[in-house]
1. Tell me yes or no: at least one residue of the range 272-280 is farther than 23 Å from Met71 by Cβ and either polar (S, T, N, Q) or in the same structural domain as Glu236 (by TED's automatic domain parsing) (or both).
2. Any idea how many residues of the range 116-143 are out of contact with any helix residue (DSSP H, G or I) (no Cβ under 9 Å at 6 or more places or on another chain) and of a type in the set (Lys, Arg)?
3. Whether any residue in the range 307-325 is hydroxyl-bearing (Ser, Thr, Tyr), under 29 Å from Leu214 (Cβ atoms) and touching a Lys or Arg at 6+ places or on another chain (Cβ under 9 Å) is what I want to check.
4. Name the single residue, out of those in the range 294-325 being among the acidic types (Asp, Glu) and in contact (Cβ under 8 Å) with a residue 24 or more places away in the chain, that is nearest to Ala335 (Cα to Cα).
5. Scan the range 233-262 for residues that are more than 21 Å from Glu45 (Cβ to Cβ) and in contact with an Asp or Glu (Cβ under 8 Å, 6 or more places away or on another chain) and report the count.
6. Before we move on, is Ala234 at pLDDT 95 or above, over 20 Å from Val296 (Cβ atoms), crowded, with 23+ Cβ neighbours inside 10 Å and of a type in the set (Gly, Ala, Ser)?
7. Just one of Leu119, Leu110, Leu115, Leu148 is over 28 Å from Met41 (Cα atoms) and touching a residue at least 60 places away in the same chain (Cβ under 8 Å); which is it?
8. Can you find a residue that is at pLDDT below 95, in a loop (DSSP other than H, G, I, E, B) and either buried (at least 19 other Cβ atoms within 10 Å of the Cβ) or in contact with a strand residue (DSSP E or B) (Cβ under 8 Å, 6 or more places away or on another chain) (or both) anywhere in the range 53-68?
Amino acid sequence: MSVGVKLTEFSKSAGCAAKIGPGILAEVVGRLPAAKDDRLMVGVETADDAAVYRVSDEVALIQTVDFFPPMVDDPFTFGQIAAANALSDVYAMGGEPRLALNVVAFPNCLGAEVLGEILAGGASKVKEAGAVLAGGHSINDEEPKYGLCVSGFVKPDRIWKNGGARTGDVLLLTKPLGVGLINTAVKAGMASEEAERKAVESMSCLNKMAMEALRDVEVHSCTDVTGFGLTGHALETARASGKSLVIQTDKLEVLPDALFYASMGLVPEGTYRNKAFNKKDVRLEEQVDETMEDLVFDPQTSGGLLVSLKREDAENVLVRLAEAGYPLKAGIVGAVTDLQDKYLIVR
C-alpha cells in the first residue's frame, strides 16, 4: 500500500551512517577487549556475518543485528528489504531464524501510517522465514532507519563460516549483482521500470531457499554479499581462509541495465569507499573495464550467498534451486586457489 511519501528524500545516504566502512570498523573493533568465553564459537576475529554461541552439544545460538536508512520510497517494500537483509546473516551461518526484534529510528513528522507500513513489510518477511517477531526498540531520529535483531539456531557441527575455503573449490553466488548501481539510477530518475523491479525483487528475496538447497552438501565457507560489495566479502573469505579467490567476470549474473548505469557514471558513493579500502588487495586484470570494476565493488543491499564448495556440489545446488522455482539467477562465478600475490583476482 502506498502512503504517498518518498522515503529516500529523508535518507541522508551520504551522511555518517553510510560512511562507516570496513576500515573504520576493523580499527575500532581491534581496540576492544577480546571476548573470552569457551562457548563463543564465532566472534569478531574474521569479520563473520553473525556471532555464534554454543548452548549445548546439539544447539548453537546465532545472533545478529542489521539496520539502515531507506533505499526505496515505498515504506512496505523498504521494511521487506531491511528485514530480508538482517535475516540473511543467519542463513549465511547455515542456521534458521527463530526470533526477531524490530530496530527503529524514525522522525515524528512522517507519522504512524508510514511507520506501520515499514513494520508490516518487515513482519511479512519474518513470517516468511518461519520466525517470530516479538517487539523491539525505537527512537526518534530525523532520518528513518529500520532493521532487525535476529536470533537463530544451528547445530554446532554444521556452522558455516566465512573462512574455510579450500584450494580447488568453486565459488557459487546465489543472487545477481548491481543493486547499488540501480538504486543510484532510481534516485536520479533514470532507471528503467524493469531494472527497478528486478532490483527490488532481488533485495526482498530471502536467502532461505538458497540455504536450504545448500544444507545437505559440504559447505567449506559461506558469507552474504552486502554493503562491502562482492570484492569486500570475497576478501573477508580469502583472508580468513588463507587462500586466493578468483572471480570470473564473464560468469557474473548482472541485474538489467546495471552496467549501463555504471557506464553513465551513476555510481554510488559506497563503491568509491569500497575501492579506497579494498583495491590494494585485489588484482584487477587488464580485461576488466571500468564498468565491470564498478560492478564488483558495488555495495549490495540484501545480496546473495557467496559459497565455496566442490564443483559437483555446486552444480547439484543449482539444479535444486531451479527445481524449487528459485526466482533469481545463481551461478558458479569463480574458484579458490592457493594464496597468490593478492587475496582476490578479478579477471
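1. Yes: one or more hits.
2. Step one: list which residues in the range 116-143 are out of contact with any helix residue (DSSP H, G or I) (no Cβ under 9 Å at 6 or more places or on another chain), which gives 127, 134-135, 137, 139, 141.
Imposing the further condition that a residue be of a type in the set (Lys, Arg) reduces the set to 127.
Residues in the range 116-143 being out of contact with any helix residue (DSSP H, G or I) (no Cβ under 9 Å at 6 or more places or on another chain) and of a type in the set (Lys, Arg): 1 in total.
3. Within the range 307-325, one or more residues are hydroxyl-bearing (Ser, Thr, Tyr), under 29 Å from Leu214 (Cβ atoms) and touching a Lys or Arg at 6+ places or on another chain (Cβ under 9 Å).
4. Of everything passing the filter in the range 294-325, Asp313 is nearest to Ala335 (Cα to Cα).
5. Residues that pass the stated criteria total 4.
6. no
7. Within the list Leu119, Leu110, Leu115, Leu148, the selection yields Leu110.
8. Checked the range 53-68: no residue is at pLDDT below 95, in a loop (DSSP other than H, G, I, E, B) and either buried (at least 19 other Cβ atoms within 10 Å of the Cβ) or in contact with a strand residue (DSSP E or B) (Cβ under 8 Å, 6 or more places away or on another chain) (or both).
The values are calculated or read from the model by the stated rules, or taken from the named source; none is laboratory data. Quantities reported herein were computed from a predicted structural model and do not represent experimental measurements. No Cβ is skipped: glycine too gets one built from the backbone with ideal geometry, and neighbour counts run over all protein chains shown.
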